[in-house]
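K.L.:
One structure, pasted below without further comment.
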Amino acid sequence: MGNAYQIHDQEGTYFLTFQVVDWVDIFSRKIYRDIIVDSLNYCIAHKGLRVIAWVIMTNHVHAIFYTENKKLSDVVRDFKAHTAREIFKQIQESTESRQIWMKHIFRFNAMKHSRNEYQQFWTHENHAVCCEPTKPQIMQSRINYIHQNPVRAGWVEVEEHYLYSSARDYAGIKGLVNVELA
């Protein structure tokens with residue numbers, strides 16, 4: 001992996017994409033989306049994470065993050081590790097109809113990387129793009145991109161109607177994650 005899309009400035013604000021391996025559409029189920037929401041709120045409350053915008057799609061998450069008094073890379077690593085463990089646990093304990101198929105995909109992807117022992121949920125890349133605070137138009141274009149994802153997917157006609165996004169907060173409706181409006 002190259003250096004272009006990595007977190008270089010640990011105190012910077014970054015547009016990030018967390019992709020599920022092989023684009024598995026796991027977040028089509030509410031229970032898995034709720035794990036992401038709960039984990040984001042935990043990281044906000046306990047790890048210094050600040051969320052400016054976010055959206056959960058069926059197989060990836062877009063977000064704009066920065067941290068206070070913590071390394072952003074460490075918080076992202078912990079968030080991804082925790083959500084993967086919780087999702088694997090939920091798959092194992094639930095009556096997930098795709099359980100066998102998903103376990104196979106996650107095991108197969110783990111074999112591709114020496115960093116994984118048994119399963120891999122997220123890709124190792126975060127596609128981190130720095131959002132310079134001195135260029136508010138770039139930040140706003142990233143926020144618009146995030147909020148328009150469910151509209152482009154045809155799930156909603158108006159971005160703030162999608163529950164799993166910060167678009168609601170930007171429209172004056174309390175959302176699921178404690179965001180800091182840009």
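Bear in mind that the values in this text are calculations on the coordinates, not laboratory data. Keep in mind the model is a prediction, meaning the values are calculated, not measured. With ideal geometry, Cβ positions are generated from the backbone for all residues, glycine too; neighbour counts draw on all protein chains shown.
K.L.:
Could you work out [θ]222 nm for the chain from helices alone, using -39500 (n - 2.57) per DSSP H run of at least four and dividing by all its residues? Round to the nearest 500 deg cm²/dmol. Walk me through the numbers before you get to the answer.
P.N.:
On the way: 5 runs with 72 residues, N = 182.
So the calculated ellipticity at 222 nm is -13000 deg cm²/dmol.
K.L.:
Can you list the HN-Hα couplings for segment 47-54, worked out from phi with the Karplus curve (6.51, -1.76, 1.60; θ = phi - 60°), rounded to whole Hz and with x for Gly and Pro?
P.N.:
Values, residue by residue: 10, x, 6, 10, 10, 8, 7, 6 Hz.
K.L.:
Is segment 1-103 rounded, prolate or oblate when judged by the Cα gyration tensor, a ≥ b ≥ c being the square roots of its eigenvalues, rounded requiring a/c under 1.5 and prolate requiring a/b larger than b/c?
P.N.:
On the way: a/c = 2.24, a/b = 1.70, b/c = 1.32.
Prolate.
K.L.:
May I pose another question? To the nearest 20 debye, what is the magnitude of the charge dipole of the chain about its Cα centre, counting +1 on the Cβ of each Lys and Arg and -1 on the Cβ of each Asp and Glu?
P.N.:
Values: 21 positive and 20 negative charges, 76 e Å.
Dipole size: approximately 360 debye.
K.L.:
Classify the chain as rounded, prolate or oblate, taking a ≥ b ≥ c as the square roots of the eigenvalues of its Cα gyration tensor: rounded when a/c is under 1.5, otherwise prolate if a/b is larger than b/c and oblate if not.
P.N.:
On the way: a/c = 1.74, a/b = 1.27, b/c = 1.36.
Verdict is oblate for the chain.
K.L.:
Ranked by Cβ crowding within 10 angstrom, fewest neighbours first, how are 98, 33 ordered?
P.N.:
Details: 98 15, 33 19.
In order of increasing Cβ crowding within 10 Å: 98, 33.
K.L.:
Where does each of 73, 141 land when they are ranked from fewest to most other beta-carbon atoms within 10 angstrom? Don't skip to the end; give the middle numbers.
P.N.:
Details: 73 16, 141 13.
Lowest to highest Cβ neighbour count: 141, 73.
K.L.:
Quick one: which residues, 5+ away or cross-chain, put their amide H under 5 Å from the amide H of residue 53? H built at 1.01 Å from N.
P.N.:
Distant-sequence amide H within range of residue 53: 64.
K.L.:
Arrange 118, 66 by Cβ neighbour counts within 10 Å, fewest through most, would you?
P.N.:
Numbers: 118 10, 66 21.
With the fewest neighbours first, 118, 66 line up as 118, 66.
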